[in-house]
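Below is one structure; the comments refer to it alone.
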Amino acid sequence: MTSRRNFMQGSVAATGMLLAADAVIAQTGPGRRRYADKLTDDAGKYAVAPLPYAYDALEPVIDAKTVEFHYNFHHKPAAVAANRAEEGLAKARDTSDYSQVKALEKELSYQLSSHILHSIYWTNMAGKGGEPGGDLARAISGEFGSFAKFKAHLIAATTSVEASGWGLLGYQPASKKLMILQCENHQKLTAWGVVPLLMLDVFEHAYYLKYQNRRPEYVNNLFGIVSWDNVAERFDAARS
Ligand code: MN
């Protein structure tokens, strides 16, 4: 890692997911496998990429109205708010007025993490479900005992997230381990350096129109639309 990246790690507190996305983008050298989520526009401002499918593409597991509202009114505003937080921090530097620095750093961590995780979530879905193959399947069996144990563990972790958050499968290059984590809100309970591979959103906005309080049913059904190809691409990039 370069000193610049170490500096960035220290300066953006409590945002392991930000590090994770940074690590993915850092794979883009010659000869390296790459998987980079598009998080910014040409001007370097955070911007939400087009949804990679129609609103109804995840039916019947996730209804079109939920996808439409989730993408437009939960994901998109996060990118706007992350830009606003960075602009606020720039103004603080210019004016030497750091009276709002704590709130701005918290806002940046929360909103940028939301943008990162939603960008991953959309691409993780619209698949055929089933089970992964290849290296990812072997790594899951090696780490968790079997796909069935992995699935039961991930479902249990995801359904029991306190209030709003995510369940996830991640890979930590430093330890070469796959791991299941819970994430509260968008930025809490990470282990630093973990690259998120599969994100399961359990904010109520992700399922309440169709499932109301039945979070476990929604989480179980998500396994029917996971794109294991997308998860495997992310796994390959994180290991290379
Ligand atoms: Mn969400």
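The values are calculated or read from the model by the stated rules, or taken from the named source; none is laboratory data. Bear in mind the structure is a predicted one, so any value in this text is a computation, not a measurement. When we count neighbours, we look across all protein chains shown, and the Cβ atoms used for this are built from the backbone with ideal geometry, even at glycine.
Sort out which residues of the range 160-205 are touching a Ser or Thr at 6+ places or on another chain (Cβ under 7 Å) and aliphatic (A, V, I, L, M), and write them in order of number.
Those that are touching a Ser or Thr at 6+ places or on another chain (Cβ under 7 Å) and aliphatic (A, V, I, L, M): Leu181, Leu200, Val202.
Among Tyr71, Tyr55, which is the only one that is within 16 Å of the ligand (Cβ to nearest atom), under 21 Å from His118 (Cβ atoms), modelled with pLDDT of 95 or more and over 18 Å from the mean Cα position of the chain (by Cα)? Give the derivation first.
Numbers: Tyr71 fails: over 18 Å from the mean Cα position of the chain (by Cα).
Criteria check complete, one pass: Tyr55.
Could you check how many residues of the range 88-130 are over 17 Å from Ala78 (Cα atoms), part of a helix (DSSP H, G or I) and of a type outside the set (A, V, I, L, M)? If you could, list the steps in order and put the result at the bottom.
Going residue by residue through the range 88-130, those that are over 17 Å from Ala78 (Cα atoms) are 90-102, 123-130.
Those still in the list that are part of a helix (DSSP H, G or I) too: 90-95, 101-102, 123-124.
Restricting the remaining residues to those that are of a type outside the set (A, V, I, L, M) gives 91, 93-95, 102, 123-124.
Matching residues across the range 88-130 total 7.
Among the candidates Ala82, Ala23, which residue alone is away from the ligand (no atom under 13 Å from the Cβ), at pLDDT below 95, on the phi < 0 side of the Ramachandran plot and buried (at least 17 other Cβ atoms within 10 Å of the Cβ)? Give the steps one after another, and end with the answer.
Details: Ala82 fails: at pLDDT below 95.
Selected residue: Ala23, the only one of Ala82, Ala23 that is away from the ligand (no atom under 13 Å from the Cβ), at pLDDT below 95, on the phi < 0 side of the Ramachandran plot and buried (at least 17 other Cβ atoms within 10 Å of the Cβ).
Do we have Thr159 as buried (at least 19 other Cβ atoms within 10 Å of the Cβ) and of a type in the set (S, T, N, Q) here?
Working: buried (at least 19 other Cβ atoms within 10 Å of the Cβ): no; of a type in the set (S, T, N, Q): yes.
Considered against the rule, which asks whether it is buried (at least 19 other Cβ atoms within 10 Å of the Cβ) and of a type in the set (S, T, N, Q), Thr159 comes out as no.
Looking only at the range 60-74, which residues are under 19 Å from Asn230 (Cβ atoms) and part of a loop (DSSP other than H, G, I, E, B)? Before you say what the answer is, go through the steps one by one.
Let us first name the residues in the range 60-74 that are under 19 Å from Asn230 (Cβ atoms), namely 61-62, 67, 70-71.
Across the range 60-74, the qualifying residues are Val61, Ile62.
Can you tell which of Pro77, Pro50 is in a loop (DSSP other than H, G, I, E, B) and closer than 30 Å to Glu217 by Cβ?
On the way: Pro77 fails: in a loop (DSSP other than H, G, I, E, B).
After ruling out the rest, the residue left standing is Pro50.
Quick one: in the range 164-212, which of the residues that are among the small types (Gly, Ala, Ser) and surrounded by 16 or more Cβ atoms within 10 Å (Cβ to Cβ) is farthest from the ligand (Cβ to nearest atom)? Even if it seems obvious, please write down each step before you answer.
Applying the first criterion (among the small types (Gly, Ala, Ser)) to the range 164-212 yields 164-165, 167, 170, 174-175, 191, 193, 206.
Retained after the next criterion (residues that are surrounded by 16 or more Cβ atoms within 10 Å (Cβ to Cβ)): 165, 167, 170, 193, 206.
On the way: Gly165: 10, Gly167: 13, Gly170: 17, Gly193: 23, Ala206: 5 Å.
Only one residue fits best here, namely Gly193.
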